[in-house]
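Visitor: Pasting in a structure now, in structure tokens, and then I'll have a few things to ask.
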Amino acid sequence: MYKITLIKSLSGRKPNQVATAKALGLTKIGQTVTKPNNEAIKGMIVTIAHMVKVVEE
């Protein structure tokens, strides 16, 4: 499982990065979600790696 926390704002980002963050359930700075450890989630994390903090449980 991954604990993903949004640490940077979505404003001014590329549309695909904003869409990826929203698909993960991240809309506000400081918001944390827990997602399963699979290839799809890893790809989404790579897309917005500069905006999130990820902790593997």
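The values are calculated or read from the model by the stated rules, or taken from the named source; none is laboratory data. Computed from a predicted model, the values in this text were never measured in an experiment. FYI the Cβ positions are ideal-geometry reconstructions off the backbone, even for glycines, and counts take in every protein chain you see.
Visitor: Answer with yes or no whether GLY25 is loosely packed, with under 13 Cβ neighbours inside 10 Å, out of contact with any Phe, Trp or Tyr (no Cβ under 8 Å at 6 or more places or on another chain), at positive phi and not hydrophobic (A, V, I, L, M, F, W, C).
Guide: No.
Visitor: From the list VAL18, VAL33, exactly one residue is modelled with pLDDT of 95 or more, part of a strand (DSSP E or B) and hydrophobic (A, V, I, L, M, F, W, C). Which is it?
Guide: When all the criteria are applied, what remains is VAL33.
Visitor: When residues of segment 42-57 are filtered for being more than 12 Å from LYS8 (Cα to Cα), β-branched (Val, Ile, Thr) and under 9 Å from the mean Cα position of the chain (by Cα), how many remain?
Guide: Qualifying residue count for the region: 4.
Visitor: Shifting gears a bit: What pairs come out if I take residues in segment 12-34 that are under 20 Å from GLU56 (Cα atoms) and pair them with residues that are part of a loop (DSSP other than H, G, I, E, B) and among the β-branched types (Val, Ile, Thr) whose C-beta lies under 7 Å away, six or more apart or interchain?
Guide: THR20/ILE48; ALA21/ILE48; ILE29/ILE7
Visitor: A further question follows. Within segment 1-34, track down each residue that is touching a Gly at 6+ places or on another chain (Cβ under 8 Å) and not polar (S, T, N, Q).
Guide: Passing the criteria: LEU6, ILE7, VAL33.
Visitor: Just name the residue that is farthest from LEU6 (Cα to Cα) out of those in segment 28-57 that are of a type in the set (S, T, N, Q) and surrounded by 12 or more Cβ atoms within 10 Å (Cβ to Cβ).
Guide: Selected residue: THR47.
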